[in-house]
């Protein structure tokens, strides 16, 4: 692989990792399985990058490879009690692919809206969504009544939702 192709691959590869993970997770539902499948997909993307046509849609190409890896994973797991039909999984995959641009735009808007929050509100949201935290544990951490924390979180979520919707409406000119 030439230096230019290597640099292009690294740039595309890193910019679409999150979207690919979410795409895979939408089909398998288990974060550990999604991580495993993403790693398998990444190996194949690296091996086959010379087949990628520069200027075309990298995400579509990578998502197609990920779809094959999901199918291989499903074949290995056919004995699981909860099993969805291939048609259902393909439908979910297609919907996920169709919505990925919209979801990415919403994510970017949310990141911008989070930066607009008051520092105390941002800290509360960050603490609440830290791994293993819930409203009760945050209330204990803050020394506030649980009901007060839930009301504050509800207000912050509404503020964020309104901000995201405004941001998206501004971007689409609606």
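The values are calculated or read from the model by the stated rules, or taken from the named source; none is laboratory data. None of these values were measured; they are calculated from a predicted model. Neighbour counts run over all protein chains shown; Cβ positions are idealised from the backbone, glycine included.
Structure summary
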quantity: Among residues of the range 126-154, those that are touching a residue at least 12 places away in the same chain (Cβ under 8 Å) and either within 28 Å of residue 18 (Cα to Cα) or in a loop (DSSP other than H, G, I, E, B) (or both), counted; calculated: 5
quantity: Residue satisfying condition, being over 18 Å from the mean Cα position of the chain (by Cα), modelled with pLDDT of 85 or more and under 24 Å from residue 166 (Cα atoms), within set 48, 72, 118; calculated: 118
quantity: Yes/no for residue 105 being part of a helix (DSSP H, G or I), farther than 30 Å from residue 139 by Cβ and not assigned by TED's automatic domain parsing to the domain that holds residue 12; calculated: yes
quantity: Subset of the range 129-148 that is more than 19 Å from the chain's Cα centre (by Cα) and closer than 30 Å to residue 168 by Cα - its residue that is surrounded by the fewest Cβ atoms within 10 Å (Cβ to Cβ); calculated: 134
quantity: Residue among 123, 72 that is in the same structural domain as residue 159 (by TED's automatic domain parsing), in a helix (DSSP H, G or I) and free of Cβ contacts under 8 Å to residues at least 40 places away in the same chain; calculated: 123
quantity: Residue in the range 6-16 that is part of a loop (DSSP other than H, G, I, E, B) and either farther than 18 Å from residue 104 by Cβ or at pLDDT 85 or above (or both) present; calculated: yes
quantity: Single residue of the range 108-117 satisfying the filter (in contact with a helix residue (DSSP H, G or I) (Cβ under 9 Å, 6 or more places away or on another chain) and free of Cβ contacts under 8 Å to residues at least 60 places away in the same chain) that is surrounded by the fewest Cβ atoms within 10 Å (Cβ to Cβ); calculated: 115
